[in-house]
Amino acid sequence: MLCLTEVTVPRTAGAPARPPGPPSLRTAVRDPYPLYRTLRTHHPLVYDEPFGAWLLSRHGDVRAALADPRLVPVAGHPAAPEAERPLDRALRGPAQAALTAAVERSAHVLARRLAARADADLVAEFCDWLPTATAVAALGLPYEETARVHSWCRAGLGRSEGGRRELGAFLRPLTARRRAHPGGDLLSVLCAARGDGGPLSDDTVTGLVGTLLGASGESTARALASFLANLLDHPRQLAVLRARPDLVPGAWAESLRRDPPQHIVLRRALAPVGVIPAGATVACLLGAAGRDPERFTDPDRYDAFRTDPGPLAHGTRPDALLAALTAEHGLRALLSALPGLRRAPGARQLPDDLVHRSPRTLRVRV
Ligand code: HEM
């Protein structure tokens with residue numbers, strides 16, 4: 001349970017006096033880290049009027065809030081958690097082999113395409129494509145439709161009604177075929193899955209595929225971009241990972257700690273929680289919590305070999321298997337197809353979104 005007597009106490013006895021008035025998240029879109037520091041030290045629990053939510057920034061408080069049953073999800077990825085269980089079950093169970101093969105093959109194809117080039121932008125040409133290509137292959141959708149599906153994903157498939165309708169029309173004949181002649185692909189597994197009231201309807205299957213292609217694909221693409229950026233910024237650590245692939249999962253978890261793709265998870269208070277009134281919105285600042293110096297030594301530093309980076313970036317999601325597979329195989333394919341891979345010199349574009357953060361481009365020499 002969240003202990004609000006603790007969170008309202010400033011952290012250090014000798015800390016400078018509080019700045020006048022609480023700062024707003026809205027003022028820190030380009031570079032939120034100085035504000036995160038101020039919040040953790042002086043305003044561990046504060047109402048941000050322009051943002052319309054109570055802010056929590058310390059690691060212990062964010063972790064406690066995410067586990068507190070009085071604070072319920074407002075919106076993570078768009079579909080309701082109840083409907084997500086069949087997707088979770090499919091990804092962990094019967095579709096896992098199809099998924100692993102799909103991510104391996106897709107990463108290889110995308111990386112080989114870059115091999116003949118002198119330079120590339122890994123965000124636009126690798127990270128953005130890999131989750132879509134993986135999902136298309138794992139679902140058993142026609143390969144030649146990958147570009148069309150990718151353009152729907154870019155247009156915000158997960159968020160728009162129109163996008164879902166188009167996806168539904170595209171999936172209908174494929175779903176009918178799977179219901180009649182199931183195979184080993186993920187779409188067949190979803191068609192065969194059962195919810196509380198029997199087999200899943202076409203609309204439910206479309207919703208799950210939309211989640212996979214839309215918001216979860218976007219989170220994975222963003223997290224992959226940050227992961228590759230962190231490694232390319234630390235070539236010595238990258239060299240160790242080349243020789244020790246068993247260390248890649250830890251390096252991925254560390255990137256999610258330092259640079260989570262989703263900086264803010266919102267919760268709604270069902271009942272009063274300390275000074276937070278019932279009905280209020282609480283913003284759990286994952287980006288601030290992951291860099292809390294009370295929890296992590298030298299928290300701004302990327303250290304692929306940190307022993308306990310923690311699992312906070314996924315909020316309360318129990319597993320992150322698909323994203324981790326994507327990172328592992330994506331990195332492996334790039335390292336094998338592009339042995340000279342390194343950062344290209346030049347200015348970097350800062351992220352321009354506070355909730356979803358990742359490099360906008362990642363220019364490399366191939
Ligand atoms: C690195 C990649 C990813 C990150 C960092 C990430 C992060 C998150 C976060 C922070 C939330 C909100 C959780 C909460 O409210 O407690 C969320 C929700 C969700 N994620 Fe992801 N996600 C990733 C990839 C994926 C993938 C690959 C899938 C599915 C295959 C997925 C499926 C979902 C679903 C269904 C929800 C909403 C349901 C729920 O809140 O339980 N995510 N994710």
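What are the equivalent ellipsoid semi-axes of the range 32-366, built from the alpha-carbon gyration tensor (square roots of five times its eigenvalues), in whole angstrom, biggest first? Walk me through the numbers on the way to the answer.
Working: eigenvalues 197, 161, 56 Å².
Its equivalent ellipsoid spans semi-axes of 31, 28, 17 Å.
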Projecting the Cα atoms of Leu187, Leu338, Leu232 onto the charge dipole of the range 32-366, where Lys and Arg contribute +1 and Asp and Glu -1 at Cβ, the residue farthest towards the positive end is Leu338
Taking the DSSP beta bridges in the chain as the whole, what percent of them are antiparallel, to the nearest 5? 90
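Among the trypsin sites (Lys or Arg not before Pro) within the range 90-120, which fall in a DSSP loop and have no more than 14 other Cβ atoms within 10 Å of their own Cβ?
Working: sites: Arg92, Arg105, Arg112, Arg113, Arg117; in loops: Arg117.
Those satisfying the criteria are Arg117.
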Hey, can you grab everything whose amide H is under 5 Å from the amide H of Gly195? Only 5+ residues off in sequence or another chain; H modelled, so Pro and N-termini drop out. Leu200
Can you work out the Karplus-derived ³J(HN,Hα) for every residue in the range 40-46? Use 6.51 cos²θ - 1.76 cosθ + 1.60 with θ = phi - 60°, whole Hz, and x for glycine or proline. 4, 7, 10, 9, x, 9, 8
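When the dipole is taken about the Cα centre of the range 32-366, and only Lys, Arg (+1) and Asp, Glu (-1) are charged at their Cβ, what size is it in debye, to the nearest 20? If you can, show how the numbers build up before the last one.
Details: 43 positive and 35 negative charges, 120 e Å.
Computed charge dipole of the range 32-366: roughly 580 debye.
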In percent, how large is the relative contact order of the chain, given Cα pairs closer than 8 Å and 6 or more residues apart? 26
Starting at the first residue of the range 174-181, write each ³J(HN,Hα) from the Karplus equation 6.51 cos²θ - 1.76 cosθ + 1.60 with θ = phi - 60°, in whole Hz, x for Gly and Pro. 5, 5, 4, 5, 5, 5, 7, 9
Computed over the chain: longest principal axis from alpha-carbon atoms vs helix 202-213 long axis, angle to nearest 10 degrees, is 70
Write out the trypsin sites (Lys or Arg not before Pro) in the range 220-320 meeting two conditions: DSSP loop, and at most 15 other Cβ atoms within 10 Å of their Cβ. Arg301
Leu110 accessible area, 1.4 Å probe, all protein chains in place, Å² to nearest 10: 10
State, to one decimal in nm, how far the label point of Val29 lies from the label point of Asp308, with both points 7 Å from Cα in the Cβ direction. 3.8
Just how much of Val282 is accessible, in Å², when a 1.4 Å probe is used and the result is rounded to the nearest 10? 0
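The values are calculated or read from the model by the stated rules, or taken from the named source; none is laboratory data. Since this is a predicted model, take the numbers as computed values, not measurements. Note that each Cβ is placed from the backbone with ideal geometry, even for glycine, and that neighbours are counted across all protein chains shown. With ligands, DNA and RNA removed, areas are computed over all heavy atoms of the protein, side chains included. Shrake-Rupley method; radii C 1.70, N 1.55, O 1.52, S 1.80 Å.
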